[in-house]
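None of the figures in this text is laboratory data; all of them are computed from the coordinates on show. Here the structure is a predicted model, which means the values were calculated and not measured. Cβ atoms come from the backbone with ideal geometry, glycine included; neighbour counts cover every protein chain shown.
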Amino acid sequence: MLLLGTQRINEQGHLEIGGCDAVELARQFGTPLYVLDEATFRQNMRDYRRAFDKRYPRNEIAYAGKALLCMAVARIVAQEGYDLDVASAGELYTALKAGFPPEKVVFHGNNKSLFELHMAVQHGVGRIVVDNLLELEMLERVAAEAGKQVSILIRVTPGIDPHTHRFIRTGQADTKFGLNIRNGYALEGVRRALALPHLRVKGIHCHVGSQLLDTEAQERAVKIMVDFMHTLRKQLNYIVEELNIGGGLGIRYIESHQPPTFEEYAERIVGVLTQQLERRNLPYPTLLQEPGRALVGEAGVTLYTIGAIKQVPIHQPPGTRTYVAVDGGMSDNPRPQLYDAVYTALVANKANQPADTVVTIAGKHCETDILIRNVAIAQPEPGDILAVPSTGAYNYAMSSNYNRFPRPAMVLVNAGHAEVIVERETLDDLLAHDRIPERLRSEQPVMERA
Ligand SMILES: Cc1ncc(COP(=O)(O)O)c(C=O)c1O
């Protein structure tokens, strides 16, 4: 059984998260329900930073808001003294409305609109990570119009293929992100940026991929980035002040996942970085990072109510499969469909009973919509509460209204208290943007049949 962070089994034999009984949470707030464990999220942020602060003199860590962002999360991130990585006007707006200091925001995106660039410049965002040459020109114009100097990083592609799902690999040469180091585009990008009067080039950025379960790809990226820093000094006489190596460290979705601990990760990354900097005789840059999943993923649990249970005959291998349907699915967690992501589950109201029944957890959408295949849980019955751990990252953030499902609520749990931080959408919320043109209001069809 995967019990993470503050999770434990209480005296009633129920799953407890952040001191709150999961069954009681489901009763009080309804299901599906996203539960975010504040203590685990904060502890992860502290432990991650401490692991690097112990080993490297200058660290600046941004939480990647794409993993999970709402105003309460932005407040927690601000209180922890982290920077915040945003990748759209919507994420930036959420941060600003939550009172997040704009100078601690890092703005990303491979196709930022003029509107987004204006918004970022107007609000004095701390760093804009420029992805391409068009953006460089657009940003120079926006900054000039605003009469401001804008600090930027240039996103480069180290040409590394990490061993992770193809949809969450970003550092390989064949990618839409950044400027390629190998074909000279990255060098050209930095050269052009240095000549633009309203842009201050602080350094370079890369991100190799997500859910990395070992450090190998990230270590190779660091080596390539330091080599590129060396090239920049040699070719352009430019010294990188800030090196951003993105995020990507993986988490435990199932028992067999064993990502490096924060300490192990920091040890390897800082080891390679300092060794390469010494080898190239380069001054130590500030090391910037932007982990998302590693900080918030294991702090999230989704609670569902079990409904229909079906047994169907299967031929390979011969036997029966038990489908256990829950009241959510790919609209609250599209990752199994998108990435073949794996999860485990437990019956929250039977957390002390043996997990002796192998079932397939089905969502309720009009697709195959399987959340988890072949997971062993306690004997399920309709009305039981199913808990799926490690749903803090890229679940709510990627949720949709498919089949016109209202999005679930999210509660923040801490020391036995639970507070709603995202309200459950209502059926009327689903209609809030629908409009019926006047001509469709009549009972009569107005189009001639062909
Ligand atoms: C540029 C960038 N930075 C940071 C992240 C965060 O990655 P993770 O949540 O795996 O740490 C991503 C994820 O896609 C990203 O694209």
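Taking the Cα centre of region 177-300 as the origin, how large is its charge dipole in debye, to the nearest 20, when only Lys and Arg (+1) and Asp and Glu (-1) carry charge on their Cβ atoms?
It comes to approximately 740 debye.
How big is the dipole moment of region 340-433 about its Cα centre under a simple scheme where the beta carbon of each Lys and Arg is +1, that of each Asp and Glu is -1, and everything else is neutral? Debye, nearest 20, please.
Computed charge dipole of region 340-433: roughly 120 debye.
Rank Ile436, Leu36, Ser113 by how far each Cα sits towards the positive end of the charge dipole of the chain (+1 on Lys, Arg Cβ; -1 on Asp, Glu Cβ) and give me just the farthest.
Towards the positive end, the residue furthest out is Ser113.
Can you give the calculated 222 nm mean residue ellipticity of the chain, where each DSSP H run of n ≥ 4 adds -39,500 (n - 2.57) and the sum is split over every residue, rounded to the nearest 500 deg cm²/dmol?
Computed mean residue ellipticity for the chain: -8500 deg cm²/dmol.
Out of the trypsin sites (Lys or Arg not before Pro) in region 30-64, which ones are loop residues according to DSSP with at most 12 other C-beta atoms within 10 Å?
Lys54
Listing Ser210, Ser256 from the residue with the fewest other Cβ atoms within 10 Å to the one with the most, what is the order?
Going from least to most buried by this count: Ser256, Ser210.
In the structure shown, do any of Lys202/Lys234; Lys310/Lys364; Lys148/Lys202; Lys97/Lys202 have a Cα-Cα gap over 21 Å, and if so which?
Result: Lys97/Lys202 exceed 21 Å.
Quote the FRET efficiency, to the nearest 0.05, computed for Glu419 versus Glu145 with a Förster distance R0 of 60 Å and r equal to the Cβ-Cβ distance.
Calculated value: 0.90.
Any idea which of Gln276, Ile377, Ala415 is furthest toward the positive side of the dipole for the chain, if Lys and Arg beta-carbons carry +1 and Asp and Glu beta-carbons -1?
Of Gln276, Ile377, Ala415, it is Gln276.
Restricting attention to the alpha-carbon atoms of the chain, what are Rg (one decimal) and Dmax (integer), both in Å?
24.0, 80
Rank these for me by crowding, Thr231, Thr31, going from fewest to most other beta carbons within 10 Å.
Listed from fewest to most nearby Cβ atoms, that is Thr231, Thr31.
Please express the shape of region 7-159 as an equivalent ellipsoid: the semi-axes are the square roots of 5 times the eigenvalues of the C-alpha gyration tensor, given largest first in whole angstrom.
For region 7-159, the ellipsoid semi-axes come out as 37, 19, 13 Å.
Could you pull out which residues in region 352-393 have an amide N less than 19 Å from a spot 7 Å beyond the Cα of Leu338, following the Cα-Cβ vector?
363-373, 388-393
If the convex hull of the alpha-carbon atoms of region 38-291 is projected onto planes in all directions, what is the mean projected area in square nanometres?
Approximately 12.8 nm², given one-decimal rounding.
Give me D for region 329-396 in µm² s⁻¹, whole number, from Stokes-Einstein with Rh from the Kirkwood sum over alpha-carbon pairs, 20 °C and 1.002 mPa s.
172 µm²/s
If you place +1 on the Cβ of every Lys and Arg and -1 on the Cβ of every Asp and Glu, how big does the dipole about the Cα centre of the chain come out, in debye to the nearest 20?
Taking the Cα centre of the chain as origin, the dipole is about 1220 debye.
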